[in-house]
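Take a look at the following structure, please.
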Amino acid sequence: MIDHLILGFDRALRTLSGGAVSTRPHPARSLPEAQLTPDERRHAAGLMRVNHTGEVCAQALYQAQALIARDAATRDRLVQAAREEEEHLAWTQQRLSELDDRPSLVNALWYAGSFATGLLAGVAGDRVSLGFVVETERQVEAHLTTHMDRLPAGDRKSRAIVSAMRDDEVRHGMAARDAGATELPWFARALMRSAARVMTFAAYRL
């Protein structure tokens with residue numbers, strides 16, 4: 001438990017300090033930078049800031065769920081998913097820098113809230129915790145699909161990042177479902193959608 005706490009604290013620091021790294025090749029590494037208008041650049045940065053904040057939340061959720069998972073295999077799945085989400089964090093952080101913009105100013109608050117949510121999901125049991133992963137990834141997949149349509153037409157670099165992220169989210173959700181996830185009740189799914197809308201609205205602007 002102490003080892004998990006130390007590793008979790010280290011990951012939290014990397015998440016909030018911009019120290020996330022990726023071991024996989026960057027999805028947009030071979031694509032040229034688009035000539036975007038100032039409005040297009042601001043809009044693309046706003047969308048990528050939302051995606052970056054979503055990955056901050058994912059780190060907190062997975063770390064909290066892994067911390068109190070009862071089954072070692074479930075814990076390992078959550079830790080592995082968190083590692084891959086950290087790559088998403090690095091990709092979106094880099095893209096924000098390329099767009100001359102910044103992460104959300106309130107990421108620490110979103111991290112804290114998501115960590116608390118992850119603990120609650122974990123307390124309910126591993127199957128419920130995995131069900132939370134399934135629903136989270138389902139909603140994130142839909143959210144990223146809308147961003148594919150909303151990004152400026154010429155911004156191929158951002159679109160390549162979002163596409164790669166979406167593929168990973170689908171895989172994480174399927175893995176959690178295959179591991180025995182239980183379906184969350186409708187009110188839990190609705191509450192998650194409401195929280196995601198608030199986060200999206202705030203992160204785009206702040």
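Quick one: how many residues across segment 141-164 are in a helix (DSSP H, G or I) and over 9 Å from Ala28 (Cβ atoms)? Explain how you work it out, then say what you get.
At the first step, the residues of segment 141-164 found to be in a helix (DSSP H, G or I) are 141-150, 156-164.
Pick out the ones that are also over 9 Å from Ala28 (Cβ atoms) and you get 141-150, 162-163.
Result for segment 141-164: 12.
Does segment 178-187 contain any residue that is farther than 23 Å from Val56 by Cβ and β-branched (Val, Ile, Thr)?
Looking through segment 178-187, at least one residue is farther than 23 Å from Val56 by Cβ and β-branched (Val, Ile, Thr).
Between Leu130, Leu119, Leu89, which is in contact (Cβ under 8 Å) with a residue 12 or more places away in the chain, touching a Gly at 6+ places or on another chain (Cβ under 7 Å), assigned to a helix (DSSP H, G or I) and of a type in the set (A, V, I, L, M)?
Details: Leu119 fails: touching a Gly at 6+ places or on another chain (Cβ under 7 Å); Leu89 fails: touching a Gly at 6+ places or on another chain (Cβ under 7 Å).
Exactly one residue qualifies, and that residue is Leu130.
On to the next question. Suppose the filter is without any contact (Cβ under 8 Å) to a residue 12 or more places away in the chain and under 20 Å from His52 (Cα atoms); does Ser163 pass it? Quick ask: steps written out before the conclusion?
Values: without any contact (Cβ under 8 Å) to a residue 12 or more places away in the chain: no; under 20 Å from His52 (Cα atoms): yes.
Spelling it out, it is not the case that Ser163 is without any contact (Cβ under 8 Å) to a residue 12 or more places away in the chain and under 20 Å from His52 (Cα atoms).
Give the residues of segment 111-125 that are hydrophobic (A, V, I, L, M, F, W, C) and either farther than 18 Å from Ala202 by Cα or surrounded by 21 or more Cβ atoms within 10 Å (Cβ to Cβ) (or both), sorted by residue number. If you could, list the steps in order and put the result at the bottom.
Let us first name the residues in segment 111-125 that are hydrophobic (A, V, I, L, M, F, W, C), namely 112, 115-116, 119-121, 123-124.
Result: Phe115, Ala116, Leu119, Leu120, Ala121, Val123, Ala124.
Go through the residues of segment 169-179 one by one and say whether even a single one is free of Cβ contacts under 8 Å to residues at least 12 places away in the same chain, within 17 Å of the chain's Cα centre (by Cα) and farther than 24 Å from Ala28 by Cα. Steps first, answer last, please.
Of segment 169-179, the ones free of Cβ contacts under 8 Å to residues at least 12 places away in the same chain are 171, 174, 178.
Checking the rest, the ones that are also within 17 Å of the chain's Cα centre (by Cα) come to 171, 174.
Narrowing the set further to residues that are farther than 24 Å from Ala28 by Cα leaves 174.
Yes, the conditions are met somewhere in segment 169-179.
Bear in mind these aren't lab numbers, they're just calculated from the coordinates by the rules spelled out. As the structure is a computational prediction, the values presented were derived from the model and not from experiment. FYI the Cβ positions are ideal-geometry reconstructions off the backbone, even for glycines, and counts take in every protein chain you see.
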